[in-house]
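S.K.: First the structure, which I've put down as structure tokens, then a few questions once you've had a look.
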Amino acid sequence: GHIGQAVCHLGSRLGFEVTVIDDRPTFASAARHPEAKRAICGDIAEELAALEIGPQTYVLIVTRGHRHDGSVLAACVKSPAVYIGMIGSRRKGALIRRTLLDEGHATREEIERVVSPIGVDIGAQSVEEIAVSIVAELVAVRRKGGLTADAKNFIPGGKA
């Protein structure tokens, strides 16, 4: 979508090698994401699970309508990615984390690594400002080695 496109553009300008995965051909195209290293069209969770995710990989879950966020997060939560972030409200992130824990798809330790909501709080409102806040968070992880995001990892029924 629009946020993913803006994050792709800015992230690539700041030295991130971007792979875009979308289940819509018009959104997973080189024409829409010319800065991406590659664009993959297919089931997002399946395609993500098929990628080689290493300790220098940053995974951003920015799907449309949040319908697939849980399955996409389940596909990468056990990976060694240095950063796993999911767009959305604190409530949505907490509910998806709780569901993955309750259904046995992730351990508490794995779920604690997930950042949601994503982005540095700069009061962003426009698509471009949201992209700046998200990419700023990625740069912070790259330069500082991690985030202190306890407040972002709240799970109903107890701290993550």
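The values are calculated or read from the model by the stated rules, or taken from the named source; none is laboratory data. As the structure is a computational prediction, the values presented were derived from the model and not from experiment. Every residue, glycine as well, gets a Cβ built from its backbone with ideal geometry; the counts of neighbours run over all protein chains shown. Ligands, DNA and RNA are stripped out before the accessible areas are found, and what is left, the full protein with its side chains, is counted by its heavy atoms. Shrake-Rupley method; radii C 1.70, N 1.55, O 1.52, S 1.80 Å.
S.K.: Using modelled amide H (1.01 Å from N, peptide plane; none on Pro or chain starts), what sits under 5 Å from the amide H of ILE61, excluding residues fewer than 5 places away?
M.R.: GLY85, MET86, ILE87
S.K.: For the chain, what is the relative contact order in percent, using Cα pairs closer than 8 Å and at least 6 residues apart in sequence?
M.R.: Working: 247 pairs, mean separation 32.3, N = 160.
For the chain, the relative contact order is 20 percent.
S.K.: In the chain, which whole DSSP H runs stretch at least 20 Å along their own axis (Cα) and average 0.0 or higher on the Kyte-Doolittle scale? Provide the component values of the computation, followed by the final result.
M.R.: On the way: long enough: 127-144 (25 Å, 0.83).
Helices meeting the span and hydropathy rule in the chain are 127-144.
S.K.: With a/c under 1.5 counting as rounded, go ahead and sort the stretch 90-150 into rounded, prolate or oblate using the C-alpha gyration tensor (a ≥ b ≥ c being the square roots of the eigenvalues; past the cut-off, prolate if a/b is larger than b/c, else oblate). Don't jump to the answer; show the numbers that get you there.
M.R.: Details: a/c = 3.23, a/b = 1.63, b/c = 1.98.
Oblate, because a/c is 1.5 or more while a/b does not exceed b/c.
S.K.: A further question on this structure: What share of the DSSP beta bridges in the chain is antiparallel, in percent to the nearest 5?
M.R.: Working: 2 of 12 bridges.
Roughly 15 percent of the beta bridges in the chain run antiparallel, per DSSP.
S.K.: With a Förster radius of 25 Å, plug the Cβ-Cβ distance of GLN125 and LYS92 into 1/(1 + (r/R0)^6) and report the FRET value to the nearest 0.05. Kindly include the intermediate steps, with their values, before the conclusion.
M.R.: Working: r = 19 Å, r/R0 = 0.75.
Working from the Cβ atoms, E equals 0.85.
S.K.: Carbon and sulfur together cover what percent of the accessible area of the stretch 6-160 at a 1.4 Å probe radius?
M.R.: Numbers: 4350 of 8350 Å².
Accessible surface attributable to carbon and sulfur in the stretch 6-160 totals 52 percent.
S.K.: Which whole-number value in Å² is the accessible area per residue of the stretch 67-137, probe 1.4 Å?
M.R.: Details: 3360 Å² over 71 residues.
Accessible area per residue, the stretch 67-137: 47 Å².
S.K.: Any chance you could count the Lys pairs in the chain whose alpha carbons are under 19 Å apart, treating pairs 8 or more apart or on different chains as valid?
M.R.: Here the count comes out as 4.
S.K.: Multiply the residue gap between LEU51 and ARG13 by 0.36 nm, knock off their C-alpha separation, and tell me the result in nm, one decimal place.
M.R.: Values: separation 38, 0.36 × 38 = 13.68 nm, distance 2.25 nm.
The LEU51-ARG13 span can extend by a further 11.4 nm.
S.K.: When the convex hull of the Cα atoms of the chain is projected onto a plane and the area is averaged over all directions, what value comes out in nm²?
M.R.: Here the figure is 8.6 nm², rounded to one decimal.
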